[in-house]
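The next block holds one structure in the form of structure tokens; read it before the comments.
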Amino acid sequence: MPDRYDLPTGFRWGAATAAYQIEGAVAEDGRGPSVWDTFAARPGVVRDGHTGAVACDHYHRYPEDIALMKDLGLDGYRFSISWPRVLPTGAGTVNPAGLAFYDRLVDALLESGITPLPTLFHWDLPQGLEDNGGWLNRDTAYRFAEYATVMADRLGDRVPAWITLNEPFVHTVFGYALGTHAPGRTLMLEALPAAHHQLLAHGLAASVLHDRGLEVMLSNNLTPVEPASASPADTAAAEAYDALHNRLFTDPVLLGHYPDLSALGVPDDLYGALHPGDTDLIHTPGLDGLGLNFYNPTRIAAPTEPGLPFDFVDIPDVPHTAFGWPVVPDALHQLLLGLRDTYGKALPPITITENGCSVTEETVPDQPRIDFMSAHLDALAQAAAEGIDIRGYYTWSLLDNFEWAEGLFSQRFGLVHVDFETQRRTPKASYAWYRDLIAAHRAQNAR
Ligand code: FCB
């Protein structure tokens with residue numbers, strides 16, 4: 001059986017973070033408010049009333065964090081750019097101090113031999129755009145393309161590859177359908193225009209980046225969906241969920257059309273959002289790499305109550321993370337084979353842009369994280385041995401951070417422990433394990 005040491009030569013080792021989860025400094029140097037500042041300030045929406053106002057204070061401590069990355073031996077670092085730090089109201093006037101921060105960050109990474117991999121949108125929409133409807137407003141896609149232009153013109157000389165969006169599925173569902181994330185809308189399926197406008201934004205920004213000779217990726221949260229039984233009702237429910245979670249965000253980009261969502265009762269024009277020519281704008285620029293964020297598979301049954309046409313069921317008899325997510329590493333292998341079956345030649349090279357787990361009551365010993373990462377990397381090596389083109393792995397996350405609605409303390413995903421009172425960083429056991437793995441893989445491939 002191939003294992004992680006057999007991952008291909010040139011495989012890129014990395015770690016991932018996101019701006020609102022680590023930067024803090026939300027009111028410094030001209031940054032404008034984001035939807036997450038507004039949302040987290042509402043009583044009762046984030047565990048223990050936490051916010052990202054300080055988070056890991058990475059805005060000030062980035063040199064220390066880059067020193068950790070260098071010590072780990074990372075090839076690449078995936079971070080996100082805070083749109084309201086660069087364009088405080090989302091459009092119009094650029095904030096020079098905001099741009100200067102990302103200049104410093106990129107230069108410091110390059111000086112440490114680490115390739116920057118920025119994500120343009122990881123959920124912190126400028127509040128100024130939300131005030132005009134946010135992603136429910138088609139105009140936001142055009143503002144995103146302008147923001148991409150600003151960033152590409154500033155950093156494109158040093159940053160070769162870019163991720164447009166992080167997990168439009170999760171942002172649409174939690175932010176616009178269920179309301180558990182910012183901006184807190186509860187539109188259920190009528191949230192789908194927000195999904196389409198994000199994909200349109202991706203397509204418009206991809207053109208901007210390609211025009212400047214830069215590579216483009218999209219990071220999707222994908223999950224293999226299995227029916228709870230072989231019954232026709234469970235199978236149909238699983239297919240409907242697969243269309244919504246996976247195909248809705250990947251088919252238009254790779255194939256140029258939306259999947260059939262009629263089983264969900266969704267109109268073909270996505271509640272009026274889909275205009276003629278839009279799927280060309282999304283598809284034609286092409287994708288140089290598919291970013292895959294993988295956490296767990298999903299088991300679906302036919303609904304027991306009226307409402308959505310599916311029910312979530314737990315996967316028993318497997319370990320679960322602190323979040324309660326089932327740990328099934330072979331699901332990653334199966335997912336990759338399934339992507340090849342579905343998309344064939346249209347499937348670009350794949351980079352794992354997130355994978356990791358939260359561990360209960362850890363400080364330094366975090367053996368469950370080592371077990372999680374090693375098993376998922378072995379599953380990746382298995383898929384690579386079966387011919388899937390996998391270019392790299394960015395673990396979520398470098399640091400414990402602000403885990404959205406779960407706040408700061410309850411779901412720690414870092415290789416590095418962060419004491420949020422003192423901002424002290426303490427590498428965990430998984431940090432040493434990852435550093436040794438990277439060094440061993442590199443030495444083996446150099447032979
Ligand atoms: C992903 C998000 C990331 C983090 C992990 C745990 O869905 O992209 O920001 O919250 O989950």
* Normalised contact order of segment 20-171, rounded percent, pairs of Cα under 8 Å and 6 or more residues apart -> 27 percent
* **Mean projected area (nm²) of the alpha-carbon convex hull when segment 140-194 is viewed from all directions** => 4.3 nm²
* DSSP bridge pairs, the chain: antiparallel proportion in percent, nearest 5 -> 20 percent
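So for segment 66-126, averaging the separation of alpha carbon pairs under 8 Å that are six or more residues apart and normalising by length, what relative contact order in percent results?
Value for segment 66-126: 51 percent.
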* Asked: Based only on the alpha carbon positions, what is the Kirkwood hydrodynamic radius of segment 145-244, in angstrom?
  -> 15.5 Å
* For N293, residues with placed amide H under 5 Å, excluding near neighbours -> N220, N221, L222, T353, E354
* Asked: Counting each DSSP H run of 4 or more residues in the chain as -39500 (n - 2.57), what helix-only mean residue ellipticity at 222 nm follows after dividing by all residues, to the nearest 500 deg cm²/dmol?
  -> -11000 deg cm²/dmol
* To do: Using amide H atoms built 1.01 Å from N in the peptide plane, name the residues 5+ places from G407, or on other chains, whose amide H lies under 5 Å from its own.
  => R47
* Counting pairs of alpha carbon atoms under 8 Å apart in space and at least six apart in sequence, what relative contact order in percent does the chain give? -> 19 percent
* To do: Compute the accessible area per residue over segment 231-386, keeping the other protein chains in place, probe 1.4 Å, unit Å².
  => 42 Å²
* Structure fact -> Per the C-alpha gyration tensor (a ≥ b ≥ c, the square roots of its eigenvalues), segment 46-93 is rounded if a/c is under 1.5, else prolate if a/b beats b/c, else oblate; here it's oblate
* Structure fact -> Share (percent) of C-alpha pair distances in segment 169-219 greater than 18 Å works out to 41 percent
* Using the beta-carbon distance between T426 and A385 and R0 = 45 Å, what value does 1/(1 + (r/R0)^6) give for FRET efficiency, to the nearest 0.05? -> 0.80
* Structure fact -> For segment 205-304 the trypsin sites (Lys or Arg not before Pro) that pass both the DSSP coil test and the at-most-16 other-Cβ-within-10 Å test are R212
* To do: Assuming 1.306 mPa s and 10 °C, estimate D for the chain with Stokes-Einstein, Rh taken as the Kirkwood radius over Cα pairs, in µm²/s.
  => 72 µm²/s
* Asked: Translational D (Stokes-Einstein, µm²/s) of segment 338-407 at 20 °C and 1.002 mPa s when Rh comes from the Kirkwood sum over C-alpha pairs?
  -> 152 µm²/s
* Structure fact -> Per GNM of the chain with C-alpha springs under 10 angstrom, the most fluctuating residue out of N246, N132, N355 is N132
* Asked: Once amide H atoms are placed 1.01 Å from N in the peptide plane, what residues at a sequence separation of 5 or more from S34, or on another chain, have their amide H within under 5 Å of its amide H?
  -> Q127
* Would you mind calculating the gained length between H275 and L337 on full extension (0.36 nm times residue separation, minus the Cα-Cα distance), in nm to one decimal? => 19.0 nm
* Net charge near D436, counting Lys/Arg +1 and Asp/Glu -1 over other residues with Cβ under 13 Å of its Cβ? -> +2
* To do: On the protein heavy atoms, probe 1.4 angstrom, tell me the percent of accessible surface of the chain carried by carbon and sulfur.
  => 53 percent
* **Distance histogram in 5 Å bins (all Cα pairs of segment 271-407, percent per bin)** => 2, 8, 14, 16, 15, 16, 14, 9, 4, 1, 0
* Structure fact -> Note, segment 307-323: 3J(HN,Hα) by Karplus (6.51, -1.76, 1.60, θ = phi - 60°), whole Hz, Gly/Pro = x, goes x, 5, x, 7, 10, 8, 10, 6, 9, x, 6, 10, x, 10, 6, 4, 6
* Asked: In Å, what Rg and Dmax follow from the Cα atoms of segment 194-334?
  -> 17.0, 51
* Structure fact -> segment 1-160: Kirkwood hydrodynamic radius (Cα pairs, Å) comes out at 16.8 Å
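The values are calculated or read from the model by the stated rules, or taken from the named source; none is laboratory data. In this text the structure is predicted, and so the values were computed from the model without any measurement. Neighbour counts are summed over all protein chains in view; Cβ atoms, including those assigned to glycine, are modelled from backbone coordinates with ideal geometry. Heads up: the accessible areas ignore ligands, DNA and RNA and are worked out on the full protein's heavy atoms, side chains in. Shrake-Rupley method; radii C 1.70, N 1.55, O 1.52, S 1.80 Å.
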